[in-house]
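Here's the structure, in structure tokens; my notes come after.
What follows is calculated from the coordinates using simple rules that are stated; it is not laboratory data. Note that the structure is a prediction, hence the values are computed from the model and not measured. FYI the Cβ positions are ideal-geometry reconstructions off the backbone, even for glycines, and counts take in every protein chain you see.
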Amino acid sequence: STRPTPGVPGEELLVLSNRQPYRHSDDDGDGITVDAPAGGLTAGLDAVMRQVNGTWIAWGDGDADAAVVDDDGRVTVPPGESDGQYTLERLWLTDEQVDNYYYGFSNRVLWPICHSALTNVDGNARFWDHYQGVNERFADAVVDSADPRSVVWFHDYHLGLAAEMVQDRIPEGVFCIHTWHIPWPSWDVFRACPHGREVLRGMLGNDLVGFHVPRYCDNFLRCVSAALPGAHVDWENRRVVHEQSVTTVRAFPMGVPADDINRQAKHPGAETFWRDFSDTHGIDDDTKVGVGVDRLDYTKGIPQRIEALERLWESSSQWRESFTYVQVGTESRSQIDAYSQYQQRVEDAVESVNERFGTDDWQPIVYTTDYLADEALYALYRFADVAIVSPIRDGMNLVCQEYVAAQQDDDGVLVLSDQAGAHDELHEWVMSINPHDTTAFKETVDEALAMPREERRPRMDALRRHVATNDISTWIRTIFATVDALREPTPKDQHH
Ligand code: F6P
């Protein structure tokens with residue numbers, strides 16, 4: 001639909017993220033191809049941007065030569081569609097910037113720190129210089145496009161300094177929001193962050209800072225109060241007063257485009273995909289199916305999941321040849337050793353379980369790193385009896401919500417780690433697990449597979465209602481209702 005969402009800014013909306021929604025490339029010299037990256041964030045925001053006709057600024061990962069750009073480096077997307085378009089502006093970064101800003105400070109320092117994985121932190125002075133430099137480029141791009149009506153919306157941990165830089169460059173100020181899509185850790189963990197104070201100060205350049213769950217808001221406010229003696233935290237109103245400016249901190253739990261997923265999962269193409277897929281892998285109608293879909297990231301708990309499944313097939317022989325687990329893994333950040341090693345570890349674990357239990361007619365774990373089109377992905381979700389989402393730590397996790405949105409007949413069961421932000425919202429209706437407690441994890445999967453329909457139904461029914469009500473458009477509307485309220489001066493503010 002191209003109907004504007006009430007309350008959401010139109011052309012005055014500037015969205016900034018590291019990851020772009022479309023990538024242009026000419027890899028084999030055969031002409032330009034356009035594809036969309038993995039990850040729920042860009043897909044969700046793309047739908048919003050199509051409605052409001054704003055501008056999205058992102059790192060132009062891909063070929064600058066292949067991207068169809070005008071003199072200002074802008075392109076109208078989505079490609080080839082006549083309505084619901086917006087402007088995409090790419091920042092072309094040098095290899096050195098990508099190595100130190102993206103693979104460096106963002107993914108070797110902030111990512112592990114925010115996921116409390118301190119042993120994976122890998123500091124290097126050059127990381128910080130380039131993190132600052134690239135944040136400056138994003139800030140400059142905002143200054144070039146912004147006017148006093150603009151609403152500037154930063155996303156994620158790559159751009160932690162940009163808001164403060166924007167405010168320094170625009171003396172009359174511009175309204176800035178920052179949504180941080182990963183956890184914010186406790187102060188006891190965050191204090192390990194090199195330049196952590198600067199990152200906190202950078203974030204206070206925003207008028208509104210959003211996290212996915214209230215726990216992360218509390219952690220952020222505690223970090224501010226511990227690290228920045230000049231900042232006053234007003235706990236009652238969840239805001240920070242710092243150098244004459246006010247930053248409001250709120251939880252906005254992100255949702256998925258539930259209607260759209262439901263529609264695609266119902267499509268006959270989804271059934272065709274599933275028929276081919278299940279035939280290929282020897283999955284018949286009596287086989288129970290489990291599914292997991294993850295970027296190959298050490299926060300996702302894939303080896304722990306495989307370990308629990310191995311214990312299950314070991315101790316409960318009834319699930320041998322009658323339960324198949326499908327793991328979709330998307331390659332991610334492979335230039336970082338911790339990631340390439342993790343990919344290998346997952347592959348080895350799958351292979352060893354398949355060797356141990358596999359028979360001529362049955363492969364316990366079907367593992368694929370192939371790119372799956374949305375329809376194929378939603379088909380997998382739809383026909384899986386159980387989804388297993390077992391992160392060690394995860395800001396929100398949209399896979400579990402996508403699984404719920406794709407269910408028909410209120411039939412699936414969701415096994416969900418209590419370390420996912422989504423668990424805070426969905427815990428009443430899921431089968432909760434601690435990814436490290438292998439025995440309990442194994443027993444929970446066993447229970448989920450054996451759960452009678454009378455119990456599955458009310459759980460999935462409640463999950464589907466929750467996910468449909470708290471979908472991506474509710475998320476956007478709630479954020480912009482908060483923006484409106486903050487821009488509207490309250491009588492108390494006028495009095496001061
Ligand atoms: O979940 C955090 C996040 O940065 C998302 O914003 C994004 O969709 C995903 O991870 C993918 O990561 P990357 O952009 O590094 O491939």
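Determine the shape class of the chain: with a ≥ b ≥ c the square roots of the Cα gyration tensor eigenvalues, call it rounded for a/c under 1.5, and otherwise prolate if a/b is greater than b/c, oblate otherwise.
prolate
Size of the dipole of the chain about the Cα centre, Lys and Arg at +1 and Asp and Glu at -1 on the beta carbon, nothing else charged, in debye to 20?
1820
Please compute the contact order of the range 222-312 in relative form: average sequence separation of alpha-carbon pairs under 8 Å and at least six residues apart, divided by the residue count, as a percent.
Contact order relative to length: 9 percent.
Report, by chain and number, residues whose modeled amide H sits under 5 Å from the one on Ile433, excluding near sequence neighbours (fewer than 5 apart, same chain).
Amide H to amide H, under 5 Å and 5 or more residues apart or across chains, Ile433 pairs with Leu416, Ser417, Asp418.
Between exposed GluC sites (Glu not before Pro) in the chain, where DSSP calls loop and at most 12 other Cβ atoms lie within 10 Å, what's the longest gap?
After excluding every exposed loop site, the longest remaining stretch is 244-496.
Once every DSSP H run of n ≥ 4 in the chain is given -39500 (n - 2.57) and the sum is divided by its residues, what mean residue ellipticity at 222 nm do you get, rounded to the nearest 500 deg cm²/dmol?
Computed mean residue ellipticity for the chain: -12500 deg cm²/dmol.
With everything on Cα atoms, drop me the angle between helix 374-383 and the longest principal axis of the chain, reported from 0 to 90° to the nearest 10.
Roughly 50 degrees, rounded to the nearest 10.
Give the relative contact order (percent, whole number) for the chain; include only Cα pairs under 8 Å separated by 6+ residues.
Relative contact order, the chain: 13 percent.
How tilted is helix 438-450 with respect to the longest principal axis of the chain? Cα atoms for both, answer in degrees (0 to 90, nearest 10).
70
Need one word for the range 164-310: rounded, prolate or oblate. Basis is the Cα gyration tensor (sqrt eigenvalues a ≥ b ≥ c); a/c below 1.5 gives rounded, then a/b vs b/c decides.
prolate
Do any chymotrypsin sites (Phe, Trp or Tyr not before Pro) in the range 201-247 lie in a DSSP loop with no more than 11 other beta carbon atoms within 10 Å, and if so, which?
Here the sparse-neighbourhood loop sites are Trp235.
Given axes a ≥ b ≥ c from the Cα gyration tensor, I'd like to know whether the range 363-480 is rounded (a/c under 1.5), prolate (a/b larger than b/c) or oblate.
rounded
Quick check: the angle from helix 268-280's long axis to the longest principal axis of the chain, C-alpha only, nearest 10 degrees?
Helix 268-280 and the main axis of the chain meet at about 50 degrees.
Could you list Asp156, Asp370 in order of exposure, starting from the residue whose Cβ has the fewest other Cβ atoms within 10 Å?
Least crowded to most crowded, the residues run Asp370, Asp156.
Taking the dipole about the Cα centre of the chain, with the C-beta of Lys and Arg at +1 and of Asp and Glu at -1, give me whichever of Ala308, Gly160, Gly29 is farthest to the positive side.
Gly160
Residues with amide H under 5 Å of Val326's amide H, sequence separation 5 or more or different chain, H placed in the peptide plane at 1.01 Å from N; which?
Gly290, Val291, Gly292, Val366
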